[in-house]
Structure formats: structure tokens, C-alpha cells
Amino acid sequence: MLPLEGVTVVSLEQAIAVPFATRQLADLGARVIKVERPGAGDFARDYDTTVNGLSSHFVWCNRSKESIALDLKSEDGKRALRRLLEKADVFVQNLAPGALERMGFIPEELVEKHPKLIVCSLSGYGKGGPYEQKKAYDLLVQCEAGLVSITGTEETPSKAGISIADIAAGMYTYTGILTAIMNRSKTGKGTVMEVSMLEALGEWMGYPAYYAAYGGNEPKRAGASHSTIYPYGPFQCGDGKTVFIGLQNEREWKHFCENVLKNPSLATDSRFESNSKRSENRRELKQIIEAQFASLTSDEVIERVESSKIANARLNTMKDFFDHPQLKARNRWKKIATPAGEIQALKPPVTMAGVENVMNPVPALGEHTNQILKEIGMEVSTINK
């Protein structure tokens, strides 16, 4: 039996954050009913057409779900949603602030009517405060949380290359729902909960926030290098390829000088005798390191640092990651069905003895509408006229 088998989740979801959260629940066996707008559906379906004509964002976040198309502006559509909630364990949504309430679905009233129901709302900035109604997209929340100010080069602030604010909020939505399910097993009661994208990403900003608030200085942008630890970042090799190296302590620095740079005296050089000194003089040290690496290929550098038990990585492209030998060796890819044919999907990162995650198809828009309406005793012809 899967961990969440028997749990029904009804989700008014769009974009990334909530779909990412509910896909995790579906992976563990929950039945996730995705409510979409007739005709258009979740707008993430149209972000791009790169996966055999489907959106890369959508196929990533929406496997193993059932799609029902409901016009929630109509009374029949609202009635269908109310019937769905009668059998639901979890109701989660990320509509615009106040939209759910304007449709007549007040979270507190829903839990009063269905005492075991868990109602979760995700928004950009949370209820109350001057930002409650402010539009919140991933890049904008990255800016508001200060992430962009510490990301990029010294000259150019940059966003993270993935939807990290959405993902952070999605993960707290996922774990928050799991917590609420566990709590319900003890109390027998559901709850109303909310997740803010700003606060979710803000939790991940703890170290730089403390550094600035109590240290008096903003963390410096260091490109792909670490802002306070050095050597920790990219170094170019003689074949033009880049190798990333990460040193954590003085023992590793000594081994790096002796076995990788073949220059033991550098370990006690007054310019580099501590991490703070190395960080202060990183430009000079980078020149020394890359001068040594200029006569070596990236494979030779990797061999040296690996034999010295120093952390390292290659600068992989996304295609390199897709073909990563470690993922292949661990059999971490599985074929799943989509409306446009089979694709490869990465298995969920948590492996648990005796549990095989659900990896069912990505649904077409409204694919399960008729089936679900019949389940709740409604005539298909009365919906979405």
C-alpha cells in the first residue's frame, strides 16, 4: 500500500508552485483531481511546446493526476466542486488572492462544514499587509526576497535559472499538507493553512539575511564562486573546459597545494594562510590555480582532485545531466505516458523500501471530466455548456 493511498486531493491549481506540490502527493499514491478551466486549462500548458508539442513545465509538474474541466463561474460548476469537496481529504488552491472567496468557497466555512478537510491556500505574499493583492511571479518574488541581489556577478545581479520561489513554496505546501494529514490522524480534525511564496523563499535566505542584518554588509555577488569560501567555484583548464572545486577546511587546502597544484609552499603563504585571507585575495589565487591548470586537461584536473579527496564537479549542460552516468547506473529514469506519447521522467528523489512511486500519465485537458462527474452523480450535459 502506498503511503497516501486513499487520500483524495482536489486542486484548483495553475502555473508551478501548487502543481509541483500536488505532484509530490500523487507520487506517493494520493488521488489528485486537477480542476481546470474549460478550453484553456492550466495556463502552464501553453508555456512552451518543447516536449513533443507539450509544455516542459506542465509535463514536469502534472503526471499522475486526473483533469476535470469545470466552469466555476457557473452554478453547475460550483455545485460540482462542492460535491468533490464532500469526498476530499485535501483542498489546495493558488488562485489570485480573494478569488476563491468571491466564488463562495470560504476556507473556514469549508472546514466547518467538512471537519476533516484540510484547506491550503498558496499566494505570493500571504493574507494581510500592503502586499496582499500584489501580483507575484517567480522572478518578482526572487527580487523581493533579496535572492537576485546576491546572485550573479559583481557587476550584474541575476535571477536563479529555475523557478526557485515557486519550488520553495511548492515544497512547503507539500510538507505542510503532509503535516496536516499526520495531525488529523491524531486529532481527527482538518485545518486551514496558507503558504506565502515570499516567506517560503525567505526561509531559504536565512544565511545571507543574518549575514547582512548582523554583519553590517551585504553578501557580495561572486558569480559561480562562493561568496565567503575560497577556492570554491569554477576554474578553467588547458582544454578550455571548466572544473568546479570546493574546499572546506585547512586540511583540504594543504592537500590541494601539495597534490593538485604541486606547490606545498603555497599552503603557508601569508596571503592564503586562512579561508578569510584566501577569500580576500581570491583574484590573485585564481590566477595561480589556473596557471597550473593551463597545462592540464579537465580530466587530469578531476583525477588529481579526486585522488586528493577534494570535492569537485564538471560543468554539465542540461543534456549532460539528462545522460548522467550516475542516474543511468541507479536506474533513475522511467518512461511515462503523455497525450503526445511516451517521455522519460526522473523518478522522485526519495527512495523508500517497499514503496514504488506512482508515475502515471500526464493528463489531457478535461480527460477525466465525464468519469469524475459520474462518480459524484452529475449529468455531463449540464456542465460546461
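Readers should treat all values here as calculations from the given coordinates under stated rules, not as data from a laboratory. These numbers come from a predicted model, not from an experiment. Neighbour counts are summed over all protein chains in view; Cβ atoms, including those assigned to glycine, are modelled from backbone coordinates with ideal geometry.
Brief remarks follow.
- The distance between label points at Met1 and Glu300 comes to 6.1 nm (points 7 Å beyond Cα on the Cα→Cβ vector).
- Estimated FRET transfer efficiency when R0 is 35 angstrom, pair Gln371-Thr317 (beta carbons, to 0.05): 0.25
- Sum of -39500 (n - 2.57) over DSSP H runs of 4+, divided by residues of the chain (222 nm, nearest 500): -10500 deg cm²/dmol
- For the stretch 318-356 and the stretch 87-128, distance of Cα centres in Å: 34
- Which of Leu70, Leu315 has the fewest Cβ neighbours within 10 Å, and the rest in rising order: Leu315, Leu70
- Unit Cα scatterers, Debye sum, the chain: log10 I(q)/I(0) for q = 0.06, 0.09, 0.10 Å⁻¹: -0.32, -0.67, -0.79
- Applying 1/(1 + (r/R0)^6) with R0 = 45 Å to the Cβ-Cβ distance of Lys328 and Glu258 gives a FRET efficiency near 0.85.
- Panel order for Asp27, Asp269, by other beta carbons found within 10 Å of each beta carbon, from fewest to most: Asp269, Asp27.
- Annotation: peptides 207-220, 10-23, 117-130, 297-310, ranked by per-residue average of other Cβ atoms within 10 Å with the highest first, follow the order 10-23, 117-130, 297-310, 207-220.
- Coarse-grained scattering of the stretch 232-315 at q = 0.22, 0.26 Å⁻¹, given as base-10 log I(q)/I(0) from a Debye sum over alpha-carbon atoms: -1.07, -1.50
- Sorting Ile376, Ile245 by the number of Cβ atoms found within 10 Å of their own Cβ, with the fewest placed first, yields Ile376, Ile245.
- Only Lys, Arg (+1) and Asp, Glu (-1) charged, at Cβ; the chain dipole about Cα centre in debye: 500
- Packing around the peptides 38-50, 356-368, 160-172, taken as the average count of other Cβ atoms within 10 Å per residue, puts them in this order, highest first: 160-172, 356-368, 38-50.
- Proximal lysines relative to Lys189, as straight alpha-carbon distance under 19 Å, when same-chain residues fewer than 8 apart are discounted: Lys87, Lys113, Lys116
- Lys135/Glu112 FRET efficiency (R0 35 Å; Cβ-Cβ; nearest 0.05): 0.70
- Along the stretch 194-204 the Karplus relation, 6.51 cos²θ - 1.76 cosθ + 1.60 evaluated at θ = phi - 60°, assigns HN-Hα couplings of 9, 10, 10, 4, 4, 6, 5, 5, x, 4, 6 Hz to successive residues, with x for each Gly and Pro.
- Comparing Ile229, His324, Ser308 along the charge dipole axis of the chain, the residue lying farthest to the positive side is His324, per the Cβ-charge model.
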